[in-house]
1. Leaving out ligands, DNA and RNA, what percent of the accessible area of the range B:59-301 is carbon and sulfur, probe 1.4 Å?
2. Given charges of +1 on the Cβ of Lys and Arg and -1 on the Cβ of Asp and Glu, with all other atoms neutral, how large is the dipole of the range B:37-165 about its Cα centre, in debye to the nearest 20?
3. For every other residue with a beta carbon closer than 12 angstrom to the beta carbon of B:Pro204, add +1 if it is Lys or Arg and -1 if Asp or Glu, then tell me the sum.
4. Residue farthest toward the positive end of the dipole of the range B:59-301, with Cβ of Lys/Arg at +1 and Asp/Glu at -1: which of B:Thr60, B:Leu161, B:Phe257?
5. Tell me, what HN-Hα J-couplings in whole Hz come from the Karplus equation 6.51 cos²θ - 1.76 cosθ + 1.60 at θ = phi - 60° for each residue of the range A:37-47, using x for Gly and Pro?
6. Measuring from label point to label point, each 7 Å out along Cα→Cβ, what is the A:Arg110 to B:Asn173 span in nm?
7. What net charge is computed for the residues neighbouring B:Val316, neighbours being all others with C-beta under 14 Å from the C-beta of B:Val316, Lys and Arg scored +1, Asp and Glu -1?
8. For chain A, modelled as a GNM with alpha-carbon contacts under 10 angstrom, which of A:Gly140, A:Gly261, A:Gly60 fluctuates the most?
Amino acid sequence: MLTLASVFAANSSSSNIFLQQIENGITLGAMYALVALGYTLVYGIIELINFAHGDIFMWGTVITFIVVQMMGLNHPLSGFALVGVLLLLIIIGMAVSAFLNAGLERVAYRRLRKAPRLAPLIAAIGASFILETIVQLWRGTNFYAFPDIFPHGGFTIFGARVNYLDIFIVVLAVAMMYGLARFINTTKLGRAMRATAQDPEAAALMGVNINRTISITFLIGGALAGAAAVVYNMYIGQVWYLTGFQLGLIAFTAAVLGGIGNIYGAVFGGFLIGLIQSLAIQFIPGGFQWSLAVVFAVLVLILVFRPSGLLGQQVPDKV
Amino acid sequence: MSATNIRAQLSDSISAVLSNKIAGRELRWYLSGWRLGIILLVVCIILPFVLDGIDPSLVTTSIAIGTYIILALGLNIVVGYAGLLDLGYVAFFVIGSYTVAVGTYGFLQNAQGKSIPIPSFSGQLFWLLIPLAALLACLFGILLGAPTLRLRGDYLAIVTLGFGEIVPIVFQNVPWFFGQFGMSASPPPDVGPITFSDPLNQYPFYYLTLALVVLVILGVTSLRGSSIGRAWIAIREDETAASVAGVNLVRTKLMAFGLGALVGGIGGALNAAFVSSIAPSDFNFNISITILIMIVLGGLGSIPGVIVGAIVLRFVDVYLLGKINDAVHGLPLVSGSGAPLHFLNNVDFNTAKFLIYGLILMFMILLRPQGLIPDVRRKRELQGIGASAEGASAVGLLEREEAGEDEAGGETTTVGAGSDAQGRED
């Protein structure tokens, strides 16, 4: 969480601190929402908390960092170069995370579909450890600084500084969520996903290929995490082997907050957690040290008083 | 010629050895139940003298192992008996450790960073700190459990994880506990000629650890057979059925949580007294997971399994990995700067252990979910066979009838066949 300090400090020239933290919270929240969607999609379809999802995300950050390093980029780009590099990074990030996630499902979770409930969760914890330690052995425990490739600059409204990068992040995230919602609600595969989530056996009897549908769900969840990874690299700028653990927990909290299994809930929860965190950092004394504790406190309170999440009942459209 | 053949031969020869008669009783009789316990206890009492002869640091290693045996047995109450996944068990370890540190340090720090003296548990009062640590941990276990135990299993796992992360953050960030620098704890006071503060003589500490381990083993063994132990197993196997049969779910789960936390507090107290210096950064998610892996490796719910799991993993962790590191880094092929395998010099095998832990978790869950030394009941459950004592559930009876077997011995073969068929379906 120390990493957030540097990001927020860069914006401290703003005159309206409250609005500034709202702006920061929305940007953070867009990122959390992308990761939270991966939790919620997988939970919706096979009722598994994919504990390794945060580390799938972390792999996206590491691989895209290596790509940028190999390309020798170290200054802000513009024009076609910027568009090309961003597209390349997003495609690579999404592909890496998507295939890792689907591979994990194929190797481990699929075999445990009929096992007692906690078995796949324990396997997921094991997978999380494996993914983290491989990066630790390979890259060490250092933080790597992601080069500054996105153009600086922005504008000020009502005393809050809005960077172009923030706008890019929110627009990308919203576009992906819109695409996901269209996919799930209008395509044949999306219908198969909804059917599998509702009743896998009945769906199978109706001719849905369950294994393929679940694989695709993992691919989509992973791809969203991969996109979030690229965004994270540019926004937070630090690549570290344990990034996924904390971010994964925050995103999971977001998914639960909105009502796990519900894609609109995950988006809503992501933005809400982003706002809660950025405001807590600003307005609680010693906020940085407590920000993770605040997130967990929110999680516990939500689970105890409203386990179905904030949107859990209003929107029955479960994926 | 296959592995099964070899295994059958091996078990035949073992059974032949066990049937040898000593003083009118078969060897098997001596190696079962409480008699085996006594034999193992005697071995443990003699053990430090043997270990000291091999490598004196092994005695210290055994003390570190003992602490984790206690922790693993405590977590086993929650995860193994009651089937509640607790990913934040480190929290109770922290609370136990800090209880001893605060109780013996004599100072706290106020918000302005000034040390303020407080009364300490000096002299023989120290011994009160161990039950106090246990009680405080138990209290926090109940406080955490009361609102959260109504949650579904996987939600509970994440909430406990959060608790395990928050507790060290609290000790780091509130005044009084010296922040990230942590506190130091005194070793136990001298009892007559026995001194615990001599770093060259670890024997007293070894026996203190052994005494606590034995105490905890006796405790968890009797809990298992008690009515509350049977209630735990009932809710683990089928919550709805247990609740219909009159088990009070929340109270029973709360008991598991509280007693598990209590044992964790004892482990924490022992740890603080032994390592004598504790800091919030010593306590993290990795510890919770390490303890969980010990249980999964040994066999969920199986006391001997959990003990073996703790011994194996902790021995590898505190002793073997260091030796491997030194040995590999000292090889002529590795040590020189131009040596062909020089890259191995940069590989820290202490880091690699988490890779091994992850692999253990994955492979145990996928290939041998019942653990190395399975609990009989748990094994049946995992194989999807009705788990009642005589295998008399509807499914078990049906399968036995279909296989045309009515001997008790036939049951195991049917179990195997049943699980094979399931495997093929997948």
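The values are calculated or read from the model by the stated rules, or taken from the named source; none is laboratory data. From a predicted model like this one, the values you see are computed outputs, not experimental measurements. Neighbour counts are summed over all protein chains in view; Cβ atoms, including those assigned to glycine, are modelled from backbone coordinates with ideal geometry. Quick note on the areas: whole protein, heavy atoms, side chains included, nothing else; ligands and nucleic acids left out. Shrake-Rupley method; radii C 1.70, N 1.55, O 1.52, S 1.80 Å.
1. Numbers: 5760 of 8700 Å².
Result for the range B:59-301: 66 percent of the exposed heavy-atom area is carbon or sulfur.
2. Values: 3 positive and 5 negative charges, 77 e Å.
It comes to approximately 380 debye.
3. Values: positive: none; negative: B:Asp190, B:Asp198.
Taking every other residue near B:Pro204 into account, the sum is -2.
4. B:Phe257
5. Once θ is set to phi - 60°, the couplings for the range A:37-47 become 4, x, 5, 6, 4, 5, 5, x, 9, 10, 6 Hz.
6. With each label placed 7 Å out from Cα toward Cβ, I get 4.3 nm.
7. On the way: positive: B:Arg314, B:Lys323, B:Lys353; negative: B:Asp317.
Residues near B:Val316 contribute +2 overall.
8. A:Gly140
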